[in-house]
């Protein structure tokens, strides 16, 4: 199949591209390199340095390439930036997605796989991990945008027969995450710790997140090529790790001796977020294979080897 990956030079997207090419698919990448890295681009893929916000160029690419399936990962991905500038967030995450959906409709793309956000859509989680039927209560513009795109995708499916799988990710981490970015605490901690710089924890450090390793996320996307039609599916681990525990584990792996510096809690951040993944097991035949300790070791090893 010919598969277009938006954000294919980015952290998750580039890992997906590599696996698609290993499985002998033809891959087209669209990425404006705002947060992606040209070094991540697989040389066997066809690359367009184009923003999803550029409707004309997106339309031209779809017409030229005759795409079978779209995996949409291009996004403004910083929750805090979405709080500070919700209009910019909507321009990229909603309008950009609509440009992709229009192109899918106009060129009769068979299916779209969309990277949504289980880490923000459900809002504050209780003691029980939410499943896909739980009430959506996003507390940031980023989460609102992701949920909005989910509804647009369902509308395009109803109106034009576009198949879809919506994957609601937990907190994804692993190789190629940006150590200098504003999002992705694992990569940020690794970057600071390996340089022996201070790390900062916002709030009391007891915030709980569902950290899922990027290779497991890649596997969910690959399975979604042929399964999970017209389904919304959580992709996580159904387990939580606190920010403080994360820092402790990374300190042990890296040999980092400094104590974290605590700062005030930031707006838009949740206390507890994790995901029920029963549906992923049933519908996709998917479950995570990498536990948090091993995943952190693999990630640290990757960053050590690229220096």
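Multiplying the sequence separation of residue 227 and residue 262 by 0.36 nm and subtracting their Cα-Cα distance, what value in nm do you get? Display every interim value, and only then the final one.
Values: separation 35, 0.36 × 35 = 12.60 nm, distance 4.39 nm.
Gain on extension, residue 227 to residue 262, equals 8.2 nm.
Calculated on the Cα set of region 41-110, radius of gyration then Dmax: 13.3, 38 Å.
Built from the Cα atoms of region 148-189, the convex hull projects on average onto 4.1 nm², one quarter of its surface area. Stretching the chain fully between residue 253 and residue 105 yields a gain of 48.5 nm (0.36 nm per residue, less the alpha carbon separation).
Listed options for Cα extents along the principal axes in Å are (1) 55, 42, 38; (2) 62, 43, 36; (3) 76, 58, 39. The value calculated from this structure is the one marked (1). Its alpha carbons give region 113-263 an Rg and a Dmax of 17.3, 57 Å. Secondary-structure-derived ellipticity at 222 nm for the chain, considering helices only, amounts to -11500 deg cm²/dmol, per-run term -39500 (n - 2.57) for DSSP H runs with n ≥ 4.
Helix 292-305 and the longest principal axis of the Cα set of the chain meet at an angle near 80°. Once the Cα atoms are used to define both axes, helix 11-22 deviates from the longest principal axis of the chain by about 60 degrees.
For the peptides 258-265, 212-219, residues were scored by their other Cβ atoms within 10 Å and the scores averaged per peptide; the highest-first order is 212-219, 258-265. With the largest listed first and rounded to whole Å, the semi-axes of the equivalent ellipsoid of region 247-307 from the Cα gyration tensor are 28, 22, 10.
Can you work out the PRE-style zone for residue 133? Point 7 Å along Cα to Cβ, and I want the residues of region 158-172 with backbone N under 20 Å. Under 20 Å, as judged by backbone N against the label point of residue 133, lie 166-168 of region 158-172. Calculated FRET efficiency, residue 151 to residue 56, Cβ-Cβ distance, R0 = 41 Å: about 0.95 to the nearest 0.05.
Once Rg and the Kirkwood radius are both taken over the C-alpha atoms of region 15-54, their ratio Rg/Rh works out to 0.97. With one equal scatterer per alpha carbon and no solvent term, the Debye-computed log10 I(q)/I(0) for region 1-153 at 0.14 1/Å reads -0.68. The slack in the chain from residue 26 to residue 1, taken as 0.36 nm per residue of separation less the alpha-carbon distance, amounts to 8.4 nm. Give the distance, in whole Å, between the Cα centre of region 91-125 and the Cα centre of region 197-255. So the separation of the two Cα centres works out to 21 Å.
Computed from Cα atoms, the angle from the helix 243-254 axis to the main principal axis of the chain rounds to 80 degrees.
All of the numbers you see were taken from the coordinates with simple rules; none came from a lab. These numbers were taken from a predicted model, which means no experiment stands behind them. Every residue, glycine among them, receives a Cβ derived from its backbone with ideal geometry; neighbour counts consider all protein chains shown.
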